[in-house]
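The values are calculated or read from the model by the stated rules, or taken from the named source; none is laboratory data. Because the structure is predicted, anything quoted here is derived from the model rather than measured. Please note: Cβ atoms are built from the backbone with ideal geometry, for glycine as well, and neighbour counts cover all protein chains shown. Ligands, DNA and RNA are excluded from the accessible area calculation, which covers all protein heavy atoms including side chains. Shrake-Rupley method; radii C 1.70, N 1.55, O 1.52, S 1.80 Å.
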Amino acid sequence: MNVGIDAVAIHAGKLRLDLAETLAPALDEEPEKFTKGLGLHASSFPDVEEDIVTMGANAAHKLMERKGLTPDDIGRIDVATESAFDNAKPVSTYVAGCLEQVYGEDFHHANKGERKFACIAGTQSLDDAYNWIRAGRNRGRAALVIATDTALYARGDAGEATQGAGAVAMLIAEDPDLVEMSVEQGFGSADETDFLKPNQQFPSVDGQRSVQVYLARMREALEDYESVAEETHPDQFEYIPFHTPFPGMVRKAALLGYRHMIRNTEIEADLTAAIGEQPRPDGFDDESQYRDAVRDYMDALKETDAYAAWYDDTIEPTLDIARHVGNWYTGSVHVARASALRSAREAGIDMTGKSLLLGSYGSGAQAEIHVETVQEEWTEEIDALDIDEQLAARRDISFAEYEEIHDVHNHDKEIDIDAFTTPSEEFVRDGSGPMDERTYRYVE
Ligand code: HMG
């Protein structure tokens, strides 16, 4: 049975913070630290009337309209988020409530839930939907998976430059139009305290350690994937979309992945004259000597033409959108996939039948690797994305406005300011009800 992603729609937060022009001078940082070091130019922020529900519902509505769906076609709504504002009532119930307002039909038949495992919950929700369909429990219906987050850090945290907000809605179905997902998966999962939110809105982060944990879990997941599938080779995949907290992180993961994939291949052999063979642990008495040798080899590998060409073709196109929106947590790897396919479309590459290797990650920590095969109708799906229009329409905010909007979305503060943008044909938050529930309406 061929199951995978049938359609995708993206909603970006409607405000834009320029990192080099606005954030860097205010924080007394070099702009190049953000643009070159982290690889980020701007963050997307939610306007006053936006939150994880409106962004998720707006993405889902766009997707349903485009595919000509009604609630009766959807048997499951899963929301992946780490920005929830309620410990019992799932965000998917709010999203369904929004959609019911415009369809005049209910989702009472749909199984709803909320998935939590930091950023990897988006991919885990895809897996849940995939399994539900393959188990034959879907009664012919598709699943709606929505990854939605306001990825905000406490003011002054090192993560402040990596913030972002947005939602990705995906329809999971049999005989999908976009990508088929592999049965084979690999996992790397360990009890880690690199990034967590113990009953608090903004994360406690051990930033430098989180980078190391990402790499360690990703390597484990790749090895685990190879144990059930086959050895991977760099030429096997047209693109490798990774979870992208910031493009600089992906730069590190890609180099590690490349080194792993070229081991014992003709690529390693061809590079031997220039940079030597990869160090193997059994060639060293001492673990730290081995690690130093690996670091030297990686530094040399990074400078080779073979690596640079592979990186430009396989990784760089996955980062185009992330550079302008920041980290979307659960949606991030799904933005990277869309970014790659959009780039292929622009370059006129025929992707039908080609493979993507997806590297998902969530702090806490877990990485997951699976393969996706691009389907024949992929061009229609990618042509329907309106992300460029959304990014161009964002309202730039000053540093003082950024401070206000950060406070507006801080659960511990009560700030009443006017929205910066005027909503049109979208869901907005319009306050709270008697039980402190959030309330929403559709603006024509
Ligand atoms: P930092 O300590 O402020 O920055 O925070 P840095 O000093 O490490 O510099 C960053 C890079 O910029 C470095 O590049 C510098 O060399 C370079 P690298 O050496 O690493 O390649 N740099 C410059 N380059 C050019 N010109 C300059 C310049 N200055 C410096 N003038 C850190 C960095 C990532 C720690 C911080 O942003 C942070 O804490 N971020 C949040 C945590 C995070 O994103 N971790 C990533 C892995 S964990 C993950 O992905 C999960 C996550 O998405 C959450 C979830 O799963 O839910 C976060």
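Here the condition is being at pLDDT 95 or above and either under 30 Å from Tyr153 (Cα atoms) or open to solvent by 10 Å² or more (accessible area, probe 1.4 Å) (or both); of Asp292, Asp299, it holds for Asp299 alone.
For the stretch 319-326, the criterion of being without any contact (Cβ under 8 Å) to a residue 60 or more places away in the chain and β-branched (Val, Ile, Thr) is met by no residue. For the structure I just gave you, tell me whether Asp285 is away from the ligand (no atom under 14 Å from the Cβ), in a helix (DSSP H, G or I) and open to solvent by 60 Å² or more (accessible area, probe 1.4 Å). No: the conditions fail for Asp285. Restrict the check to the stretch 220-236 and report whether at least one residue is near the ligand (Cβ under 9 Å from one of its atoms), under 19 Å from the mean Cα position of the chain (by Cα), touching a residue at least 24 places away in the same chain (Cβ under 8 Å) and on the phi < 0 side of the Ramachandran plot. No; the residues of the stretch 220-236 include none that is near the ligand (Cβ under 9 Å from one of its atoms), under 19 Å from the mean Cα position of the chain (by Cα), touching a residue at least 24 places away in the same chain (Cβ under 8 Å) and on the phi < 0 side of the Ramachandran plot. Of all residues in the stretch 194-208, those satisfying the criterion of being without any contact (Cβ under 8 Å) to a residue 40 or more places away in the chain and within 13 Å of the ligand (Cβ to nearest atom) are Ser204, Asp206, Gln208.
Within the stretch 293-318, residues that are farther than 15 Å from Met261 by Cβ sit with their Cβ atoms under 7 Å from residues that are open to solvent by 50 Å² or more (accessible area, probe 1.4 Å), at 6+ positions apart or across chains, in these pairs: Ala293/Phe284. Taken as a whole, the structure places Arg217 among residues that are under 18 Å from Phe242 (Cα atoms), open to solvent by 20 Å² or more (accessible area, probe 1.4 Å), within 11 Å of the ligand (Cβ to nearest atom) and not hydrophobic (A, V, I, L, M, F, W, C). Take the stretch 379-398 and flag every residue that is outside any loop (DSSP other than H, G, I, E, B), surrounded by 15 or more Cβ atoms within 10 Å (Cβ to Cβ) and over 19 Å from the mean Cα position of the chain (by Cα). Scanning the stretch 379-398 gives a single hit, Thr379. The sole residue among Ala338, Ala365, Ala306, Ala344 that is open to solvent by less than 50 Å² (accessible area, probe 1.4 Å) and within 16 Å of the ligand (Cβ to nearest atom) is Ala365. Of the candidates Arg139, Arg219, the single residue that is closer than 27 Å to Lys67 by Cβ and modelled with pLDDT of 95 or more is Arg139.
Residues that are small (Gly, Ala, Ser) and either crowded, with 18+ Cβ neighbours inside 10 Å or over 16 Å from Tyr239 (Cβ atoms) (or both) within the stretch 309-327 comprise Ala322, Gly326, listed in sequence order.
Considering every residue within the stretch 127-141, establish whether at least one is among the hydroxyl-bearing types (Ser, Thr, Tyr) and in contact with a Lys or Arg (Cβ under 9 Å, 6 or more places away or on another chain). Taking every residue of the stretch 127-141 in turn, none turns out to be among the hydroxyl-bearing types (Ser, Thr, Tyr) and in contact with a Lys or Arg (Cβ under 9 Å, 6 or more places away or on another chain). Where helices (runs of 4 or more DSSP H) sit wholly within the stretch 289-360, those with at least 3 residues that are not hydrophobic (A, V, I, L, M, F, W, C) occupy 305-314, 332-347. Each residue in the stretch 161-188 was checked for being within 20 Å of the chain's Cα centre (by Cα) and open to solvent by 70 Å² or more (accessible area, probe 1.4 Å), and 1 of them qualify.
This table checks each residue for (1) over 17 Å from the mean Cα position of the chain (by Cα); (2) away from the ligand (no atom under 11 Å from the Cβ).
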{"site": "Gly113", "(1), (2)": "yes, yes"}
{"site": "Ala118", "(1), (2)": "no, no"}
{"site": "Ala121", "(1), (2)": "no, no"}
{"site": "Tyr130", "(1), (2)": "yes, yes"}
{"site": "Arg137", "(1), (2)": "yes, yes"}
{"site": "Gly140", "(1), (2)": "yes, yes"}
{"site": "Ala143", "(1), (2)": "yes, yes"}
{"site": "Thr148", "(1), (2)": "no, yes"}
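Selection of the stretch 37-69 for residues being in a helix (DSSP H, G or I), surrounded by fewer than 18 Cβ atoms within 10 Å (Cβ to Cβ) and either more than 16 Å from the ligand (Cβ to nearest atom) or without any contact (Cβ under 8 Å) to a residue 12 or more places away in the chain (or both) yields Glu65, Arg66, Lys67. Residues that are touching a residue at least 12 places away in the same chain (Cβ under 8 Å) and more than 10 Å from the ligand (Cβ to nearest atom) within the stretch 26-36 comprise just one, Ala26. Inclusion of Thr22 among residues that are over 24 Å from the mean Cα position of the chain (by Cα), closer than 19 Å to Ala7 by Cα and open to solvent by 10 Å² or more (accessible area, probe 1.4 Å) is not warranted. Among the residues examined, Thr330 qualifies as within 11 Å of the ligand (Cβ to nearest atom) and of a type in the set (Ser, Thr, Tyr).
Scanning the stretch 43-59 for residues that are of a type in the set (Gly, Ala, Ser) and under 16 Å from the mean Cα position of the chain (by Cα), which turns out nearest to Ala147 (Cα to Cα)?
Taking the candidates together, the pick is Gly56.
Those strands (runs of 3 or more DSSP E) of the stretch 102-221 in which at least 2 residues are within 19 Å of Val53 (Cβ to Cβ), considering only elements entirely within it, cover 111-115, 142-151, 164-174.
For the stretch 399-420, residues that are open to solvent by 30 Å² or more (accessible area, probe 1.4 Å) and either outside any helix (DSSP H, G or I) or small (Gly, Ala, Ser) (or both) total 11.
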